[in-house]
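Take a look at the structure set out below.
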Ligand code: SFD
Ligand code: AMP
């Protein structure tokens, strides 16, 4: 076995991940931990200042309810999420986040985030729930607050350590193991409670950007399903694993569309000029009641565009120039004011991308796109797993203590594995939390986890013999490389190992062709899922044959292994749900209709840690009384 030092870290609370929800958890937990003399440790695979989905910054805060000013209520937010997810949402969780998210946004502002204000000093809204920000340094600001809180409480932040597996004592999570991506160090974290918040999963499906564009995606390619893997491997129940997210984005550089649709009031059109949201309105009848709600659910918006594409009406375009001209038109009688407004709109258009998807601005420049003069191509992306945006996959977590929810087993956001909490992209069925809601949910879980430790926390019992076995398994790819890489002239062609990139392509091919990826027009069926699972079984056998030439490739190996668990949970859940509920995300071609009578329920799944068998379950939908 590779001769790596074992570093043991003892802590009370372990936060795995350093993204938006982790920063929320750290800020809140450190506050309570300081009062109780407890230690909080946060571990991130990257550097906290620029890790996770918000690494590049963002141009909007997508969840702000505005309760203080009477703009909306938390109940309004429940209605929005319920419809947008075609009836499938954990209303207790959505409510809990919605009632706390505004205070999180106010904290962001206090910490230095610039939120746009109008002349009357009110926040500038992009849409009903979204606020415009100058957000290039969004993550740096939020990370700074988390760092300060942990430092003030005497906690620890460990960067560039990749968390692999949970440590379990029966059904209780007692820590985690991982490895440094820079040094020859294997880490063992022993904890009384653990929060799993390592983002969603990207590159499970083959991306549109392959070859020279490989690595480009809308969601960050470095989020590889670690949250899902961690909670699945802990034996926790998972939910909505079939609910992937496919966003429509500016094509090839994945620039977000929200500001265009909501702030600039732009239309999207087909190549022949038809506005698919208008032309195809009748299709929405087939998906009622959700199809008739405003705003039309994200998957249905996608679906109408996809119908155009399928019928040869692509490419689709965002009518940027028309939108800009429409806004500036109010100044048409004053040439000076018109020119000024046009300049302002032009810079807002570029800033939207420079704040969060810089490559889109670069692509615009490369393709001579002037948004005020020329429309720009958009397309549906490859599927992602993101419980915090308009997807819903994640762990099944306990609801808030003060609500009459049936899904409650003690502590808010605790999974069905004791002492293991999940938030952000890691917790399921509570969509539309975005950056602010993820942070708020992190705060909720941070506080609950400290409460758990105070009331029930016991010294973690860690079986060090098991840890040694895990260490050998996790470092095996380095051994394979060392032993066999000199046997061939091309180190990437070897009968004793495959390199992580080859394994990743195989996984992506299975998902793309059998689970409804881009190549299959997002369509799948029972037979395709079954064949996909068969091939996945063979791929899993080869997972022990990945070789790694250095720390970086060792991380790639484990990212791949984690993606496989997310992929399998997805295939099994799509297979289990015998209907099509989210056209535009995926289409069960053999069950092309929504079936509320049998399938208006959550689909949950659970891996038996001892037998390796998956259990599939239906769970009832609970609606908030009076909402
Ligand atoms: O418009 C390990 N999001 C947007 N949210 C908004 O509020 N406004 C926007 O404008 C947004 N847009 C947007 C968004 C995301 C992206 C990528 C773009 C545009 C281009 C969504 C939010 O960003 C998202 O909801 C939250 O960030 C989710 O928070 P969280 O904590 O669940 O995930 P994370 O922030 O990605 O952090 C993950 C962390 O885990 C670490 N990690 N650490 C240790 N071991 C491992 N094995 C690990 N694996 C991962 C990561 O390093 C990171 O720290 S718009 O398009 O919608
Ligand atoms: P996006 O850039 O697509 O991630 O969108 C940012 C925010 O705007 C999210 O809250 C989306 O749900 C919302 N959004 C995007 N497009 C639309 C639309 N056409 N109608 C209503 N809401 C939208």
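Every number here is computed from the coordinates shown, using simple stated rules; none is lab data. A quick note: this is a predicted structure, and the numbers were derived from the prediction, not measured. Methodologically, a virtual Cβ is constructed for each residue, glycine included, from the backbone with ideal geometry; neighbour enumeration extends over all protein chains shown.
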Point to revise | Packing-based order for 249-255, 220-226, using average beta carbon neighbours within 10 Å, highest first | key: 220-226, 249-255
Check your understanding: Highest mean first, what order results for 600-609, 121-130 on Cβ atoms within 10 Å?
Key -> 600-609, 121-130
**Study point:** Full-stretch length increase - residue 459, residue 362 - with 0.36 nm per residue and alpha-carbon distance subtracted
**Key:** 29.7 nm
Point to revise | MRE, 222 nm, helices only [DSSP H, n ≥ 4, -39500 (n - 2.57), over the chain, to nearest 500] | key: -12000 deg cm²/dmol
Revision key, fill the gap. Rounded to whole angstrom, the alpha-carbon centroid of the range 600-627 lies from that of the range 449-492 at a distance of 30 Å
Practice item. Sort the following peptides by mean Cβ neighbour count (other Cβ atoms within 10 Å, averaged over residues), highest first: 4-10, 137-143, 408-414. Key: 137-143, 408-414, 4-10
